[in-house]
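Reading through the structure tokens given below for one structure.
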Amino acid sequence: MAQDKVNLLNFDRRALEAFFTAQGEKAFRASQIMKWVHQRGVTDFAAMTDLSKALRARLQEQAGVVLPEVIHRQRSRDGTRKWLLRLADGNAVETVFIPESDRSTLCVSSQVGCSLNCSFCSTARQGYNRNLETGEIVAQLWIARQELSREGLVRQATREPAANPDPPSMAREGAGLRLVTNVVLMGMGEPLLNFEAVVRAMRLMMDDHAYGLSRRRVTLSTAGVVPAIDRLRETCDVSLAVSLHAPDDALRDRLVPLNRKYPIAELMAACRRYAAAAPRRRITFEYVMLAGVNDSPAHARRLLALMRTVPSKVNLIPFNPFPGAPYRCSPPPVIDAFREVLVAGGITTVTRKTRGGDIAAACGQLVGEVRDRTRRSLRMAVAGISGP
Ligand code: SAH
């Protein structure tokens, strides 16, 4: 696509309406295009038969629907899938699909790399490269649905017994929408440090003419960028998850360096405001279980005291190792005992199942193959950064 063409994947409804009205077209062209692109997976304007021939020709000249390229596909024994996507500038990001019995969740990246440097996360090792554009975020959902629906069609064609008796087809209107029921912004990057693009992408995910997900099924996970949590509350109503990982500032400063800027008390206050903005809303707190670091009964009791100050539920995440990781995962009995303290205190607490571990698709294992990755891990090794 020529440089001066606009990528319509970057536009949410508002932006598309502005794009069409600026050229004297009716605003509802936005809904038409959104259905073609996001629901039916069509990127060729010539095929968009409810637009006039003249408009189709004009779009062909001015615009495009540009998608990253899938350069690697992996499928875990447990059905989890990981796609490595190459962006237009040569950078790469990962997207993970997690099927469960009652839902299927897509874990989406928001940045190439990450600037936050959490000590237990492998994305941190590659450093920060850049923010993703709206289109690059939404494309992860577009591509996942396309890939999954193609699998369904292959199953149908080869008459393999399908898990789903009615294999979905994107060609049938709306059918592909059921392939991904939930989206979590828990892939690579800190979504609240890419605010505008992430909000536009989430709006598309929730738009009835695009992916139609409810706000309960779109979850943004943050390490705790306090002012942006407030801004999100005022801008875009989605579910919020907060990566807490420690119940006191001294420990959290070490695990999540962003805590030095926005300490726990301020973070909890922002969470209370966020929870208060919608009826019965609870904040999900993520807590990675690191052996001998943050997993004692005393830590659990301090966490419980914190959780009582916010409408909350807790997700305990078994630490997922990666090469050179300076931690081990807490043993299952330690995780159970930790969980018991919270449950006995009245806090809904689940231990997250590790999915896709055999294809390095589990929490905190995502790394795109960006150029400066090796250099950075080398630097860290030289600096002796190997443990907390
Ligand atoms: N920056 C955002 C979203 C990306 S991380 C955030 O911090 O929430 C998604 C989740 O995976 C976070 O809760 C993160 O702390 C967790 N995580 C990172 N590395 C992990 C690892 N090695 N094992 C288990 N969970 C990890």
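Table for the structure above
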quantity	calculated
Coil-residue chymotrypsin sites (Phe, Trp or Tyr not before Pro) of the stretch 1-42, DSSP, other Cβ within 10 Å capped at 11	Phe28
With DNA, RNA and ligands ignored, accessible area of His209 (1.4 Å probe; Å², nearest 10)	60 Å²
Straight-distance crosslink candidates among aspartates and glutamates, where the alpha carbon sits under 13 Å from Lys82 and sequence neighbours closer than 8 are dropped	Glu94, Glu147, Asp358
3J(HN,Hα) from dihedral phi, the stretch 111-125, Karplus parametrisation 6.51/-1.76/1.60, rounded to Hz, x for glycine, proline	9, 8, x, 7, 9, 7, 6, 4, 6, 10, 10, 6, 4, 4, 5
Highest-first arrangement of 270-280, 287-297, where packing means the average Cβ count within 10 Å	287-297, 270-280
Packing-based order for 110-118, 316-324, using average beta carbon neighbours within 10 Å, highest first	110-118, 316-324
Gyration tensor (alpha-carbon) shape descriptor, the stretch 27-121, a/c threshold 1.5	prolate
Loop GluC sites (Glu not before Pro), the stretch 53-136 (other Cβ atoms within 10 Å of the site Cβ: 15 or fewer; DSSP)	Glu100
Cα-based Kirkwood hydrodynamic radius, the stretch 1-160, one decimal, Å	17.7 Å
Solvent exposure of the stretch 6-64 as accessible area per residue, Å², 1.4 Å probe	45 Å²
Percent accessible area from carbon and sulfur atoms, the chain, protein chains only, probe 1.4 Å	52 percent
FRET efficiency, Asp50 to Lys5 (Cβ-Cβ, R0 30 Å, nearest 0.05)	0.85
Label point distance in nm, Val343-Lys313, each placed 7 Å from Cα along Cα→Cβ	1.4 nm
Segment Ser115-Asp249, extension gain: residue separation times 0.36 nm, minus the distance between their alpha carbons	46.3 nm
Extended-chain gain in nm, criterion 0.36 nm per residue less alpha-carbon gap, Ala298 and Ser214	26.5 nm
Cα gyration tensor category, rounded, prolate or oblate, for the stretch 6-64 with a/c compared to 1.5	rounded
Spin-label pair Ala291/Ala277, simplified geometry with 7 Å Cα→Cβ offset, distance in nm	4.0 nm
Share of alpha-carbon pairs per 20 Å distance bin for the chain, given as whole %	27, 56, 17, 0
Check: the chain dipole with +1 on Lys, Arg Cβ and -1 on Asp, Glu Cβ, in debye	380 debye
Net charge contributed by nearby residues that have their C-beta within less than 11 Å of Glu17 (K/R +1, D/E -1)	+2
The stretch 210-274 versus the stretch 32-52: alpha-carbon centroid distance in Å	36 Å
In the stretch 1-60, trypsin sites (Lys or Arg not before Pro) in a DSSP loop with at most 13 other beta-carbon atoms within 10 Å	Lys26
Antiparallel %, DSSP beta bridges [both residues in the chain], to 5	45 percent
Among Ser52, Gln23, Leu8 the positive-end extreme of the charge dipole of the stretch 6-64 (Cβ point charges)	Ser52
Accessible surface, the stretch 69-382, averaged per residue in Å² (probe 1.4 Å)	43 Å²
Rounded tilt (10° steps) of 373-382 against the dominant C-alpha axis of the chain	10 degrees
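The values are calculated or read from the model by the stated rules, or taken from the named source; none is laboratory data. Please read all numbers here as calculations on a predicted model, not as lab measurements. Note: ideal-geometry Cβ built from the backbone for every residue, glycine included; neighbour counts use all protein chains shown. Protein only, heavy atoms only, side chains kept; ligands, DNA and RNA dropped before computing areas. Shrake-Rupley method; radii C 1.70, N 1.55, O 1.52, S 1.80 Å.
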